[in-house]
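Chemist: Before we start, here is the structure in question, set down as structure tokens.
The values are calculated or read from the model by the stated rules, or taken from the named source; none is laboratory data. The structure presented is a predicted model; accordingly, all values stated were derived computationally and were not measured. Cβ atoms come from the backbone with ideal geometry, glycine included; neighbour counts cover every protein chain shown.
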Amino acid sequence: MTRDTAARESAWSVSAASAGLLAVIISYAGPLAILLLFAALPNAFVAVLAGLALLGAITANVVGLVQDEAHREASFIAFIATASNMSFLGLGSAFWGIVLGALAHLVLGRAKHAR
């Protein structure tokens, strides 16, 4: 091995170690910077950002809710009960949305079959 080759390998090792160290620093500093940014923002602004982030998912689910004509009413009742953020008997709106949606499905399904 010549001196030139040894010097290149040494420089390569230093470069690789430096790049690895920089990657570790950035991987820890990036999430910390985002956390500090959101901690500095007002709570209302963070809530608006979260709502905007969920807008696509909510829109897709509402479209799916109204497309199925056979279960439209029961789906709407379940959606409204869940979105209401109600709490009854210590149980949250997600539970009551499922219960009211299933109950509406049973009642409205029987009413449609009776016709």
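Chemist: For region 21-78, give me each residue that is aromatic (Phe, Trp, Tyr) and farther than 27 Å from Leu100 by Cβ.
Modeler: Within region 21-78, Tyr28, Phe38, Phe45 meet the criteria.
Chemist: Still on this model: Quick one: which of Ile34, Ile80, Ile58 is surrounded by fewer than 11 Cβ atoms within 10 Å (Cβ to Cβ) and among the aliphatic types (A, V, I, L, M)?
Modeler: Values: Ile80 fails: surrounded by fewer than 11 Cβ atoms within 10 Å (Cβ to Cβ); Ile58 fails: surrounded by fewer than 11 Cβ atoms within 10 Å (Cβ to Cβ).
The unique qualifying residue is Ile34.
One line per residue, one yes/no per condition, for (1) outside the structural domain of Ala104 (by TED's automatic domain parsing); (2) among the small types (Gly, Ala, Ser); (3) in a helix (DSSP H, G or I); (4) without any contact (Cβ under 8 Å) to a residue 60 or more places away in the chain:
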position: Val46; (1), (2), (3), (4): yes, no, yes, yes
position: Leu49; (1), (2), (3), (4): yes, no, yes, yes
position: Leu52; (1), (2), (3), (4): yes, no, yes, yes
position: Asn61; (1), (2), (3), (4): no, no, yes, yes
position: Gly64; (1), (2), (3), (4): no, yes, yes, yes
position: His71; (1), (2), (3), (4): no, no, yes, yes
position: Phe76; (1), (2), (3), (4): no, no, yes, yes
position: Phe79; (1), (2), (3), (4): no, no, yes, yes
position: Thr82; (1), (2), (3), (4): no, no, yes, yes
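Chemist: Listed residues Ala11, Ala39; which is exposed (fewer than 10 other Cβ atoms within 10 Å of the Cβ) and in a helix (DSSP H, G or I)?
Modeler: Ala39
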